[in-house]
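Every number here is computed from the coordinates shown, using simple stated rules; none is lab data. These figures come from a predicted structure and were not determined experimentally. Counting neighbours? That spans all protein chains shown, and the Cβs are built from the backbone with ideal geometry, glycine included.
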Protein chains: 2
Amino acid sequence: MSRIGVDEHAGYVRSLLTGLSARPAERVALADALGRVTVSPTASPIALPPFRNAQMDGYAVRAADTTDAPLALPVAGEVAAAPGEPAPLAPGTAVRIMTGAPVPAGADAVVRVEDTDRGTEQVRIDAPVAAGTYVREAGSDLTQGDDVLPPGVRLASRHLAAAAASGLTHLLVRERVRVAVVSTGSELVDAGTRLAPGELPDANGVALAAAVAATGAAVVHRGRVRDDVLRFRDELDAAVDAGAELVITSGGISQGAYEVVRELLEPLGAWVGSVAMQPGGPQAVGVYRRVPVVAFPGNPVSAQVSFEVFVAPVLRAIAKLPPARTARLPLAESVDSVAGKRQFRRGRLTADGTVAPVGGPGSHLVAALAASDLLFVVPEDVTELAAGALVDTVEL
Amino acid sequence: MSRIGVDEHAGYVRSLLTGLSARPAERVALADALGRVTVSPTASPIALPPFRNAQMDGYAVRAADTTDAPLALPVAGEVAAAPGEPAPLAPGTAVRIMTGAPVPAGADAVVRVEDTDRGTEQVRIDAPVAAGTYVREAGSDLTQGDDVLPPGVRLASRHLAAAAASGLTHLLVRERVRVAVVSTGSELVDAGTRLAPGELPDANGVALAAAVAATGAAVVHRGRVRDDVLRFRDELDAAVDAGAELVITSGGISQGAYEVVRELLEPLGAWVGSVAMQPGGPQAVGVYRRVPVVAFPGNPVSAQVSFEVFVAPVLRAIAKLPPARTARLPLAESVDSVAGKRQFRRGRLTADGTVAPVGGPGSHLVAALAASDLLFVVPEDVTELAAGALVDTVEL
């Protein structure tokens, strides 16, 4: 059985998934676009603001008419922030104007209501104003046809605000990566079933699907099969038929006698072997009906760690999610490891900024994984780390 | 008109929203639980692992039978990771065993397949093994009845893995906060409508809804009304009838003549006034039919900044989302500000770790907001900051 290093396997997975990066585009309504990623520069069909408008509640005036202020001007009317073209401002007059309302032709400044006597027939203006005061020029934020959003932006509310303000109703975004999750193992039953001897609830189905969703991809198929290679083949067919661009499997790739993933995929050219890591030693990558298949061990801890190490970085990058946060932190206590394997141990950040291991290295410690908030790495060539030693950590 | 400080207003909003923190609980299926927050400690109905099982593919043996290894033992059978109780191991024999399969009674160690000749009739064992080797004891991760998840955990895939492995199908989680978003303004039309003079696309509807969703709350109602106080009242009624526990409005609270939010809510005891900040000076908080209403100015930049400053921290804490990241960073260029107001300017983190302002202080610069990735603060008592001056930033 071939055995390779963690970085080498990560490279295999990355290159197998390269094709996923060229995302087709789809148009989605702004209301559905949060978290999606823009495909191309998005031009604004209008200028922003689309018309010259008042920055303050007050009075629209000609600045030149206020030179001798304090003075009073007759109030010729009122402009609300409402549809309609306001009448031009006659020289020597003022019109009451609301924030955001169009500034009438002829006016070139707004006097804040606070700087007047709030008059309705005529208004007393306390001090001269300069031309342009409290006037937002049309196009002062964005010229019509200019890009309101660049490509490759993961859309947050502020991007949707600008897109909507530009009158856009839809945006071109990357299609989500469509992923299928298939658990294998005759011992697996639905969670909630009363367990007979030797039975286990399927944890990877729901947990790998959640891990996929957390990276911004879409789970288009979920399945579970017993250790029967024809059933497994049917399940892969169903996954591909459901449009999966990536299939993630758990179980069926180690040295035992009933290894359905190995049995089906190895003859099709898949690499099934061992990666120098703990947990997650058995790993496989292959292609089924042109769809990449990344196969993890069946243990939920191994599967979660494998996903985080090999697949999550690729999917996060496609979805423009930030990579998992990393830090180099001191250990709260000593740990030992096995030579020749990179250990991804589970731990917790303590109040004093050190890393406390949670549970041992055993890949069956799924409750300990749930109680952890980070992975920390014990390198291949290290068998012992003292308390205080610095370790690389990845936030979970 | 009363004018208060930013922190004072933030305190008002926080205390108005205190009631939201006491979340009712609901049961959700694990498949729908990603990102939800556990309510109470969740006990595991089973031990983890539920039965003693093999950590490796190999042979289950009595350790005592291997003392004189290398030696050969007859292979009495095979145990797969499959349902069923394996027959007890007869002394002086071995059974082939797969990773995860139940270790037969009588056996107390597993010899890795790599440390044997892989025999099927009899197996040669290279070296003695100690009792317990490659055996995972039942309950070694978690005792039956112990807590697999604590309360107040925002559920990630690893928590779902542990819950599913425990046989749980549902979890008790906090109900999401139910929020309504209401835009006011006669000038507003649907995005995509050809704009007549004085009309603007409604940007706050979609953008505040997205901002709410990004904090883990649920938008249960969205509405838009022209500046007609009865229409606004109907819309608030619809929001409350839809189950909203919090209504967020935009527009209608400044000094102008058509301020429907002020008009309806001030007589009901709402505070409508001015907060010493830019953007977002006009603010209001009130209660309508016992439901808190937090009212923002109509400008999309003001509304987004107001949401981030006043409401997002409360909703994020309820959803156990981390607070927005803050940092104190040097300015790339000088900025000036107005005395007596806290400016929340928009900026970008540059490659050299400085903050480059994007656009000026104008609250109409929504495209500039979209092009920003942080807010930076110019304090109330500061009117000028030189390049290199440190500013407090909040990641967007």
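Phi angles of segment B:62-67 translate, via the Karplus equation with coefficients 6.51, -1.76, 1.60 and θ = phi - 60°, into HN-Hα couplings of 8, 4, 4, 6, 9, 3 Hz per residue; Gly and Pro are given as x.
In sequence order, segment B:91-103 has phi-based couplings of x, x, 10, 10, 10, 5, 9, 9, 3, x, 6, x, 7 Hz under the Karplus curve 6.51 cos²θ - 1.76 cosθ + 1.60, θ = phi - 60°, and Gly or Pro positions carry x. Summarising the strand pairing of segment A:326-395, around 95 percent of its internal DSSP beta bridges are antiparallel.
Between A:Arg178, A:Arg194, A:Arg233, the GNM of chain A built on Cα springs shorter than 10 angstrom shows A:Arg194 fluctuating the most. Net charge dipole, segment A:162-255: roughly 320 debye, given to the nearest 20, about the Cα centre with Cβ charges of +1 for Lys and Arg and -1 for Asp and Glu.
Which Cα, out of A:Leu365, B:Ala371, B:Leu155, lies furthest along the positive dipole direction of the protein assembly as shown (beta carbon charges, K/R +1, D/E -1)? Checking the options against the dipole of the protein assembly as shown, the answer is B:Leu155.
Compactness check for segment B:69-110: Cα Rg over 2.2 N^0.38 Å is 1.11. Placing unit charges on each Cβ (+1 for Lys and Arg, -1 for Asp and Glu) gives chain A a dipole about its Cα centre, and among A:Gly388, A:Val75, A:Ser334 the Cα reaching farthest toward its positive end belongs to A:Ser334.
Take A:Asp241, move 7 Å from Cα toward the beta carbon, and the resulting point lies 4.6 nm from the same point in each other copy, nearest first. For B:Val275, the amide hydrogen comes within under 5 Å of the amide hydrogens of B:Ile4, B:Gln283, counting only partners 5 or more places away or on other chains and with H modelled in the peptide plane. In units of the rule-of-thumb radius 2.2 N^0.38 Å, segment A:282-326 shows an alpha carbon radius of gyration of 1.28. Ascending distances from the A:Leu390 label point to its copies in the other chains, with the point 7 Å along the Cα-to-beta-carbon line: 2.3 nm. With K and R counted +1 and D and E -1, the other residues having a Cβ less than 14 Å from that of A:Arg290 yield a net charge of -1.
Candidates B:Thr184, B:Pro201, B:Pro128 compared by Cα position along the dipole of segment B:122-218: farthest toward the positive end lies B:Pro128, with charges placed on Cβ. Each Lys and Arg adds +1 at its Cβ and each Asp and Glu adds -1 at its Cβ; summed about the Cα centre, segment A:225-382 shows a dipole of about 420 debye.
Taking the Cα atoms of the protein assembly as shown, the ratio Rg/Rh between the radius of gyration and the Kirkwood radius comes to 1.09.
Please compute the net charge surrounding B:Val212, taking Lys and Arg as +1 and Asp and Glu as -1 over other residues with Cβ under 14 Å from its Cβ. Here the charged neighbours net out to +3. As an equivalent ellipsoid, segment B:212-360 spans semi-axes of 31, 20, 12 angstrom, where each value is the square root of five times an eigenvalue of the C-alpha gyration tensor, largest first.
Karplus-derived 3J(HN,Hα) values for segment B:43-51, using 6.51 cos²θ - 1.76 cosθ + 1.60 with θ = phi - 60°, are 7, 7, x, 9, 6, 10, x, x, 9 Hz; glycine and proline are entered as x.
A Cβ-based charge dipole, computed about the Cα centre of the protein assembly as shown with Lys and Arg at +1 and Asp and Glu at -1, lands at about 520 debye. A Stokes-Einstein calculation at 37 °C with viscosity 0.692 mPa s, built on the Kirkwood radius of chain B over Cα pairs, returns a diffusion coefficient of 128 µm²/s. Give me the distance between the Cα centres of segment B:221-274 and segment A:330-348, rounded to whole Å. A separation of 57 Å, based on Cα centres. Amide H to amide H, with H built 1.01 Å from N, B:Gln122 comes under 5 Å of B:Val75, counting only residues 5 or more places away or on other chains. Placing a label point 7 Å from Cα along the Cα-to-Cβ direction at B:Ala327 gives distances to the equivalent points in the other copies of 1.4 nm, listed shortest first.
Computing Rg and the Kirkwood Rh from the Cα coordinates of segment A:53-136 gives a ratio, Rg/Rh, of 0.91. Under 5 Å from the amide H of A:Leu200 lie the amide H atoms of A:Leu188, A:Val189, each residue being 5 or more positions distant or on a separate chain, with H modelled from the backbone and absent for Pro and chain starts. Chain A residue nearest the rotation axis toward B, with distance: A:Arg325, 5 (Cβ to axis, whole Å).
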